[in-house]
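The values are calculated or read from the model by the stated rules, or taken from the named source; none is laboratory data. Everything numeric in this text was worked out from a predicted model, so none of it was measured. Quick reminder, even Gly has a Cβ in these numbers, built from the backbone with ideal geometry, and neighbours come from all protein chains shown. Each accessible area value is taken on the protein alone, full model and side chains, heavy atoms only, with ligands, DNA and RNA left out. Shrake-Rupley method; radii C 1.70, N 1.55, O 1.52, S 1.80 Å.
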Amino acid sequence: MVEITSREELAGWLEKKPRNWAQIVAVRAAMRVLPFGLDALEWRKQPSEEFAHAVFRATVISWAARNIPAHDMTASASAASFAAASFAAASASAASFAAASIAASASAAASASAASAASAASIAASAASASVASSSVASSSVASSSPTWKAIFEDCSWLAAQEAHSDASRIMTRRSLWLGQPPKSWMEIWDRAAARLLSREPSFQLWANWFDRRIKGERAAFDIPGDKGRREDKAILIRLAEATDKDFWGKGAQHVNTTVQGWIDEARERAATNLKPPESNAELPPQNRNALSFKRGDSGRIAIDAAASVDALRMDADARDRHAIAVTEAQAVLDACQGSNAGARLGRLLANYIWAAGESLEGMRPSLFIQHGERLRQELAAYDNVDNDHPPLPSTILTDLKGWRSAHNMVAGLDPTLMALDTARLGPDVQSALISPDEVRSIARDADTEGVLEDGVREVIEEAADNAPDPPVAGDRRTVWSVETVTNLVIELFAVALNHPGKSAAITAMGVAAVKTAGAATILGAWPAAHFLMKHRKWIETRLSNSPTWRALFVDLCQWIEQNTPIKPRDNS
C-alpha cells in the first residue's frame, strides 16, 4: 500500500503521476467531506438550499468529468468551482471550509497542469480527514491511521497497481467510496444532514440518491433500468456539464432538481423498451454446496453466500462444545502472536478463521470456516517441514497451534455437513475439471475488473486457488474445492444474467413507476454479468466441466444471450 503521512507528501507523490490521478483522488476525497459541509449549514443565517445546490453542483460535475474523461468538462468544472467557492467565501461557518475542499475537487478537474491538480487533491484530502476527525480545518500533518486517510491510501494504491492500464477512471465505477462499510459516525452525519436538507427542500432527494449510489460504488450516476451501455445516464451527465448559469444552474435549486428528475423519468421510459424477457425458463444446475457458494448481494453484484449450509449443521450440546473449544484454542494462539513479527502472518490467518467460526454455531460461515481452517492447517504443515522459509515461531505457539488443529478436526470431522465440505467429494458420474490455480485466479481477477463481484469476494476465491496444488490433482480435495468454487461462480453469474431480464419484463408491464420499488440495481447487474460470460465463453465451454448436461445447457444459455442482448464474444466495448 502507498504510505503517505502529510498533505505535502500526497501532493509530491501525485505530481509524478498522470494528471488524472490527482483529479480522481481529489473528487473522491471531496465526496467524503460533503456530508460535513451540509451538516454545518446555518439555516437561519444564509440561503442554505442554494449553498447545498452549489456544493452538489461542484461535486457532481467533478465526478462526471472523471467518469466520462473523453468529454471535456473543463469550463463547466471551473464554473462549478467558482460557484462553490463564492458561497464558501461568504460563509463564516465551518461549512466554508467544507465547501472550499469540494471546490478544490472541481478545480482539480479543470486544472491544466499536474502540479495544480495535485495541490487541489491534497487540499481536498486533508479537508476530508480533518472533517471526519473533528470537523475542523486540517493541519499539514495527517493521522495515517484515520479511516479517511486509509481510504485515500487505498485509492492511491489502487491507481498504482493499475499503472499499466490507461483507463484509471475505472476507479470511479468499480469501487465504493469507503473500504468495506463507511465509518458509522460518518454515515450518521450524512443521514442527519440529508434529513435536514430534505425537510427543507424535498426536491434534493435527487442528489441524496445520487450520493448514496456513490457511497455504494454503483457504476451509473442515476438509477435507469435497461440503460444499455449507460447511454441515457451519460447523456444526462453531459447535459448537466453543458448547462450554463444563465439558462439552468442560476435558476435556483428547486428548478434544477425538478428539471433533472424529469430528465431521469424520461430516460427510464425510453430505457424500459430495452428490457426483454428470456424465451425460456432454463433450469440452472444447482451450486455444489461442497465448495464456496455465491449469491446476489444488495448491490446486484456477486457476494459470498457465507451462511450456506448453516441450517444443516449439528446443533446439539456436544457440537456446541467442540465449536467453542476450537474458537478458544484459535483465540489463544492469536493472543500469543500479538506483538511478534514472526507471528504477524499467522495472526492474520487466525483472525480470518475466528471470524468465519462465528460466536456460535448459528453464526458460523461453514464454507469459509473450512477454507480458512485448511489454510491454517497448511501453515502448520509448513512449519513442520524443517526446510521451510517461514520466520521461526516459539515452540509454545507451535504446540498451541497443534492443539487448535486437533480441536478443528473434531469440529469438522464429527459434523456430516462440515465433513462433506472438508473432503469435497463428487459423485462417480461427474469428474472435476483439472483447472489450474492460475486459471482460477485469472477468472476471479477478470470478474472483479468487470465489476460483477462485491468487495472482498475476489480475495476469497484467490485464497481457494492458493490452497490448491499446482499442477492440479484430480483426486485432491483442494483441487476439487477450487474448481467447484469457480464453477459455482459461473452458475451464479448465469442466474444474474438470465433471471433478472425476466423480472425486468414484469416491471415494464407495470410501468416506469414500478421501477422505484423493484430492485433496479440487481436488474442492471445482469449486463456486466452477461458481458463477462460471453467474453469467457470459450474457456467455460472447454475447461469448466465435462458433464454433457451442463455443457449443452451452457451452449443454450449463451445463444440466448447473443440473441437478446447486444453482447457478443470478444466484444469489449
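Below is a table of values for the structure above.
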| quantity | calculated |
| --- | --- |
| Scope the stretch 466-490; condition in a helix (DSSP H, G or I), in contact with a Pro (Cβ under 8 Å, 6 or more places away or on another chain) and closer than 15 Å to N290 by Cα; matching residues | R478, T479, S482, V483 |
| Flag for E329 being assigned to a loop (DSSP other than H, G, I, E, B) and more than 13 Å from E463 (Cβ to Cβ) | no |
| G300 vs. criteria at pLDDT below 90 and either assigned to a loop (DSSP other than H, G, I, E, B) or not aromatic (F, W, Y) (or both) | yes |
| Matching helices (runs of 4 or more DSSP H) fully within the stretch 168-261 where at least 1 residues are farther than 27 Å from C156 by Cα and open to solvent by less than 20 Å² (accessible area, probe 1.4 Å) | 184-200, 205-216, 231-242 |
| When residues of the stretch 385-418 are limited to those that are acidic (D, E) and out of contact with any Lys or Arg (no Cβ under 9 Å at 6 or more places or on another chain), the one nearest to V327 (Cα to Cα) | D400 |
| Residue that is most open to solvent (accessible area, probe 1.4 Å) [pool: residues in the stretch 329-362 that are touching a Phe, Trp or Tyr at 6+ places or on another chain (Cβ under 9 Å) and in contact (Cβ under 8 Å) with a residue 60 or more places away in the chain] | E329 |
| Residues (at pLDDT 75 or above and surrounded by 20 or more Cβ atoms within 10 Å (Cβ to Cβ)) located in the stretch 58-78 | A58, T59, V60, I61, S62, W63, A64, A65, R66, N67 |
| Meets criteria (of a type outside the set (S, T, N, Q), over 30 Å from I491 (Cβ atoms) and surrounded by fewer than 21 Cβ atoms within 10 Å (Cβ to Cβ)) for L380 | yes |
| Every pair of residues 6+ apart whose Cβ atoms lie under 9 Å, when the first sits in the stretch 399-411 and is under 14 Å from P366 (Cα atoms) and of a type in the set (V, I, T) while the second is in a helix (DSSP H, G or I) and open to solvent by 70 Å² or more (accessible area, probe 1.4 Å) | V411/I325 |
| Candidate set from the stretch 484-500 (those that are of a type in the set (S, T, N, Q) and either touching a helix residue (DSSP H, G or I) at 6+ places or on another chain (Cβ under 7 Å) or open to solvent by 10 Å² or more (accessible area, probe 1.4 Å) (or both)); member that is modelled with the highest pLDDT | T485 |
| Pair list, Cβ < 8 Å and 6+ apart or interchain, from the stretch 469-498 residues that are over 22 Å from P366 (Cα atoms) and in contact (Cβ under 8 Å) with a residue 24 or more places away in the chain to residues that are open to solvent by 20 Å² or more (accessible area, probe 1.4 Å) and of a type in the set (S, T, N, Q) | D470/S436; P471/S436; P472/S436; A474/Q431; A474/S432; V496/T522 |
| Top-ranked residue in the stretch 431-454 [being over 16 Å from P528 (Cα atoms) and crowded, with 18+ Cβ neighbours inside 10 Å; ranked as modelled with the lowest pLDDT] | S432 |
| Complete set of residues in the stretch 12-42 that are among the acidic types (D, E) and either in a helix (DSSP H, G or I) or crowded, with 21+ Cβ neighbours inside 10 Å (or both) | E15, D39 |
| Close pairs from the stretch 288-301: first on the phi < 0 side of the Ramachandran plot, partner among the basic types (K, R) and surrounded by fewer than 24 Cβ atoms within 10 Å (Cβ to Cβ), Cβ under 8 Å, at least 6 apart | N290/R425; S299/K216 |
